[in-house]
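To start, the structure under review is shown below, and the notes come after it.
The values are calculated or read from the model by the stated rules, or taken from the named source; none is laboratory data. As the structure is a computational prediction, the values presented were derived from the model and not from experiment. Neighbour counts are summed over all protein chains in view; Cβ atoms, including those assigned to glycine, are modelled from backbone coordinates with ideal geometry. Note: accessible area is taken over every heavy atom of the protein model, side chains too, but ligands, DNA and RNA are not part of it. Shrake-Rupley method; radii C 1.70, N 1.55, O 1.52, S 1.80 Å.
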Amino acid sequence: MKLDTVEIKLEKSNLDHVATDLLIVFAAKKPSAKSSTKAESKSTKGSKAKTDAPKDNTVLIEGVSKSIHAKLQAATDSGSITGAAAEFVLFRDAHVGHAKHLAVIGLGEMKDFDTEALRQAMATAFTQAKAAKVKSLAFGMDSLPKSGIAADQLLQAATEGVGLASYSFSEFKTGKKDDGISSVLFVSNSKNKGHEKGLEMGRTIVECVNFSRWLGDRPGNRMTPTMLAEETEKAAKGTKLKVTVWDKAKIKSEKMGSFLSVSLGSSQDPRFIIMEYNGGGASKKPVCFVGKGLTFDSGGISIKPSGGMEEMKYDMCGGANVIGAMLAIAKLKLKVNVIGLVPTTENMPGPSANKPGDIVIARNGKTIEVNNTDAEGRLILNDALVYACEQNPAAIFDAATLTGAMVVALGNIHTGFFTRNDKLAAKVEAAAKSTGELVWRMPLTDFHVRDMKGTYADLSNISSGKGAGSATAAAFLEQFVEKEIPWAHFDIAGTGWHNGDRFPYNPRKGASGAMIRTFIELAQSV
Ligand code: BES
Ligand code: ZN
Ligand code: ZN
């Protein structure tokens, strides 16, 4: 598989010497008189500048040559450039130095600036540049205003912004392809070791996130459970990631009766993908990641309505993102021990499919009434969670496109996560914050557990109560995790794939790679 991820390089040079189609520099917004300090507002009180069109002193453009400044002067004077976040101003045929065109990307106010603001600005600039049909691009990294953020972190976020925005899923479009942008340079006059380090980190993360997106974007017939396992094995080649794949017979003999039952309606066999990476000391307990890998969820006998059903090809994004996180951890050679587990199957109606009311037995012996065959994610994750507990882990994290209720609650902005462990919740929040991903803690209580009791078996796979569908699903999963093991469940039903333009580095419609960056961080912080 070949992904069209753009090549990004560092160049130590003066901006005036860079030969490129488009040179992009950064602009930040200086605080307005209203939001500035009292002393500042006093000094401008009554001055003419307040009523005139904004002068260039409201825009911060640093570290560029006089010739670039001169080109931008009129636009900053007139207010065409304000430095607002996501503002992209293109000057065609500006011919500064050896660059054909010149553009300015806004960062917003520096008081709000962080790596996520940069990631988004880079992605917006890249997408706009692509629309402007340029072939090569250079960013003037020395024009980034001082922020106190370490050079490696800035370069990593910049690389992620560009690399993630460059992804597209077009392998099945025939005809002549637009080659798009072939080269991106990050130009800086200083030789900072942090730049190389950040670029390398960013490149690996981009490669792995885009790989996960590709797994998710492929439709059901082109990413079956068997293919998912094969692609994982292929991608792990050359790394220290050990991949073991269980087939249907092994899944059965390993007593994963709940997982197995979901696969029975399909002509495609299930797979259980086990990924192990030992980069930490032998005595260090592993962190386990578990991902829901439904390569297609039709709902089974409790079949889904046909409108929008095609989106259920994304029902393996939890699994794909666990695979991506594991690959990234191995490629980055992190000093951690991690295990990735992906139960993968289709959920189809068929003569052997689960029927409402059927009773299945999970690996830990618990019995479950399958009262709705469309609540299948929990029926495959539970067996994987039992297996995860057997690995004596330091913590378990799972990611799943588990419930429609999650989409209702949080939309496609925040990923809802569930844990009863406050310490773990704080770690999740810190990890997500540092990677720019948005998470929101959801409730998980004994009320939710009570709703999942079965009538004829230990548990029912659907709630006996109304509402809180995401929390009751989490409560069901909890019944398969040993109490003393710290565990958090991430419901990525709303964030696993993106619809719209909220995040400029995500495709407008397609798999997003949600929680991969957070999981890489958590592997190191637990
Ligand atoms: N894969 C779906 C959840 C889903 C729905 C993800 C929409 C993304 C968007 C899951 O398997 C499912 O169908 N869940 C049911 C559970 C219900 C029957 C208790 C749901 O949420 O409706
Ligand atoms: Zn379902
Ligand atoms: Zn599902």
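Worth pointing out:
Table: residues versus (1) within 22 Å of the chain's Cα centre (by Cα); (2) in contact (Cβ under 8 Å) with a residue 24 or more places away in the chain; (3) more than 13 Å from ligand 3 (Cβ to nearest atom).
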| residue | (1), (2), (3) |
| --- | --- |
| 328 | yes, yes, yes |
| 343 | yes, yes, no |
| 348 | no, yes, no |
| 358 | no, yes, yes |
| 380 | no, yes, no |
| 394 | no, yes, yes |
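- The condition of being open to solvent by 60 Å² or more (accessible area, probe 1.4 Å) and either at pLDDT 95 or above or more than 21 Å from the chain's Cα centre (by Cα) (or both) does not hold for residue 261.
- Only one of the numbered conditions (1) buried (at least 24 other Cβ atoms within 10 Å of the Cβ); (2) among the β-branched types (Val, Ile, Thr); (3) away from ligand 3 (no atom under 16 Å from the Cβ) is violated by residue 413, and that is (1).
- Which numbered condition residue 300 fails, given (1) within 28 Å of residue 359 (Cβ to Cβ); (2) open to solvent by 20 Å² or more (accessible area, probe 1.4 Å); (3) of a type outside the set (D, E, K, R): (2)
- Listed by position, the strands (runs of 3 or more DSSP E) inside the stretch 415-524 whose residues that are small (Gly, Ala, Ser) number at least 2 are 509-511.
- In this structure, residue 465 does not qualify as closer than 30 Å to residue 157 by Cα, surrounded by fewer than 21 Cβ atoms within 10 Å (Cβ to Cβ) and away from ligand 3 (no atom under 16 Å from the Cβ).
- The single condition among (1) touching a helix residue (DSSP H, G or I) at 6+ places or on another chain (Cβ under 6 Å); (2) more than 14 Å from ligand 2 (Cβ to nearest atom); (3) open to solvent by less than 40 Å² (accessible area, probe 1.4 Å) that residue 269 does not satisfy is (3).
Conditions tested, residue by residue: (1) without any contact (Cβ under 8 Å) to a residue 60 or more places away in the chain; (2) surrounded by fewer than 24 Cβ atoms within 10 Å (Cβ to Cβ); (3) of a type in the set (Ser, Thr, Tyr).
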position: 458; (1), (2), (3): no, yes, no
position: 472; (1), (2), (3): yes, no, yes
position: 476; (1), (2), (3): no, no, no
position: 479; (1), (2), (3): no, yes, no
position: 484; (1), (2), (3): yes, yes, no
position: 496; (1), (2), (3): no, no, no
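- Close contacts from the stretch 287-308, counting a first residue that is of a type outside the set (Ser, Thr, Tyr) and at pLDDT 95 or above and a second that is in a loop (DSSP other than H, G, I, E, B) and within 8 Å of ligand 1 (Cβ to nearest atom), with Cβ to Cβ under 7 Å and a gap of 6+ residues or different chains, come to 292/401; 292/402; 294/376; 297/376; 299/374; 300/374; 300/376; 304/374.
- Selected residue [touching a Lys or Arg at 6+ places or on another chain (Cβ under 6 Å), surrounded by fewer than 24 Cβ atoms within 10 Å (Cβ to Cβ) and more than 23 Å from residue 496 (Cβ to Cβ)] from 252, 177, 248, 191: 191
- In the stretch 127-175, residue farthest from residue 116 (Cα to Cα) [restricted to those that are outside any loop (DSSP other than H, G, I, E, B) and charged (D, E, K, R)]: 130
- Filter result (surrounded by 17 or more Cβ atoms within 10 Å (Cβ to Cβ) and in contact with a Ser or Thr (Cβ under 7 Å, 6 or more places away or on another chain)) within the stretch 123-141: 126, 136, 137, 138, 141
- Checking each residue in the stretch 374-410 for being open to solvent by 20 Å² or more (accessible area, probe 1.4 Å) and closer than 20 Å to residue 245 by Cα picks out 387, 390, 391.
- Checking the stated criteria, residue 341 turns out to be buried (at least 21 other Cβ atoms within 10 Å of the Cβ), away from ligand 1 (no atom under 12 Å from the Cβ) and closer than 23 Å to residue 425 by Cβ.
- Lone unmet requirement of (1) over 15 Å from the mean Cα position of the chain (by Cα); (2) farther than 27 Å from residue 153 by Cβ for residue 525: (2)
- Filtered residues of the stretch 307-326 (kept if open to solvent by 50 Å² or more (accessible area, probe 1.4 Å) and within 16 Å of ligand 3 (Cβ to nearest atom)): 310
- Residues (surrounded by fewer than 21 Cβ atoms within 10 Å (Cβ to Cβ) and out of contact with any Pro (no Cβ under 8 Å at 6 or more places or on another chain)) located in the stretch 359-373: 359, 361, 364, 365, 366, 367, 369
- Those residues of the stretch 148-170 which are charged (D, E, K, R) and either without any contact (Cβ under 8 Å) to a residue 40 or more places away in the chain or open to solvent by less than 20 Å² (accessible area, probe 1.4 Å) (or both), in sequence order: 160
- Condition met for residue 290 (farther than 23 Å from residue 332 by Cα and either open to solvent by 10 Å² or more (accessible area, probe 1.4 Å) or within 16 Å of ligand 3 (Cβ to nearest atom) (or both)): no
- Options 353, 330: the member that is surrounded by 19 or more Cβ atoms within 10 Å (Cβ to Cβ), more than 21 Å from residue 215 (Cα to Cα) and either at pLDDT below 95 or in contact with a Leu (Cβ under 7 Å, 6 or more places away or on another chain) (or both): 353
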